[in-house]
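A.B. asks: Okay, here's the structure, questions in a sec.
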Amino acid sequence: FRLVCVDTNHFQDVATGAWSHYPSGSEGSVPGARYHHSLDPVQLSWLDGVLTDAAAKGLHCLVFSHAGFCDAWSASPSAGQVRALFDKANRLAPGTVLLACNGHLHSDHVARKDGVVYVDVHTVRNTLWVPNDRACVHYGSTTFPCVEYDEQGKPTGSQYDRAVNTL
């Protein structure tokens, strides 16, 4: 198997056409940008090479990203290009790309398209990401039941409500 990780935290500047990575600590959206949560052209070319090489070597690929590539739910703007690369690799050697897994939507989805299983994984923080405004307080003060575990992974019996933003 080949584990392939791609970074969908790129955008294109409308005025210059230049591709950039989201600034550190940002929520991604920047003024004058388009194609949020995309792979830039350099990464698309790299992915093509990685998948083509895997097909030639008979390897199965599992692809991981932040934003997803399935059009059954909200996908990265580069999703169509990525799916075309998956199709190309799978035409060269069926079963090259088996799985594309992401977590951008903070929900659970599974779909199968053209032999690839697409999985959108719920956030580990166990809540939907619902920003209050563009200042984006990610999780606010939503609470959930928290169960304590000992070092062997067994529940201690202690349970309480915990605010998600304290994790």
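The values are calculated or read from the model by the stated rules, or taken from the named source; none is laboratory data. Fair warning: this is a prediction, and the values are worked out from it, not measured in the lab. Methodologically, a virtual Cβ is constructed for each residue, glycine included, from the backbone with ideal geometry; neighbour enumeration extends over all protein chains shown. Accessible surface is based on the protein model in full, side chains and every heavy atom, while ligands, DNA and RNA are left aside. Shrake-Rupley method; radii C 1.70, N 1.55, O 1.52, S 1.80 Å.
A.B. asks: Determine whether residue 95 is in contact with a Pro (Cβ under 8 Å, 6 or more places away or on another chain), open to solvent by less than 40 Å² (accessible area, probe 1.4 Å) and modelled with pLDDT of 90 or more.
C.D. replies: When the stated conditions are applied, residue 95 does not pass them.
A.B. asks: Scan 130, 121 and give me the residue that is aliphatic (A, V, I, L, M), within 22 Å of the chain's Cα centre (by Cα), closer than 27 Å to residue 30 by Cβ and modelled with pLDDT under 65.
C.D. replies: 130
A.B. asks: Hey, can you tell me all the residues within segment 18-49 that are out of contact with any strand residue (DSSP E or B) (no Cβ under 9 Å at 6 or more places or on another chain) and at pLDDT below 85?
C.D. replies: Within segment 18-49, 23, 24, 25, 26, 27, 31 meet the criteria.
A.B. asks: Could I ask something else about it? What are the residues in segment 19-42 that are free of Cβ contacts under 8 Å to residues at least 60 places away in the same chain and open to solvent by 50 Å² or more (accessible area, probe 1.4 Å), if any?
C.D. replies: Listed by number, the residues that qualify are 19, 21, 23, 24, 25, 31, 34, 35, 36, 41, 42.
A.B. asks: Considering each residue of segment 1-18, count those that are open to solvent by less than 80 Å² (accessible area, probe 1.4 Å) and closer than 16 Å to residue 66 by Cβ, and give that number.
C.D. replies: The number of residues fulfilling the criteria is 7.
A.B. asks: Being exposed (fewer than 15 other Cβ atoms within 10 Å of the Cβ) and either in contact with a Ser or Thr (Cβ under 8 Å, 6 or more places away or on another chain) or touching a residue at least 40 places away in the same chain (Cβ under 8 Å) (or both) is the filter here; which residues of segment 43-64 pass it?
C.D. replies: Scanning segment 43-64 gives a single hit, 60.
A.B. asks: A further question on this structure: For a quick check of your reading of the model, give me the residue pairs whose first member lies in segment 83-105 and is among the charged types (D, E, K, R), whose second is open to solvent by less than 30 Å² (accessible area, probe 1.4 Å) and part of a loop (DSSP other than H, G, I, E, B), with beta-carbon atoms closer than 8 Å and at least 6 apart or on different chains.
C.D. replies: Listed pairs, sorted by first residue: 83/69.
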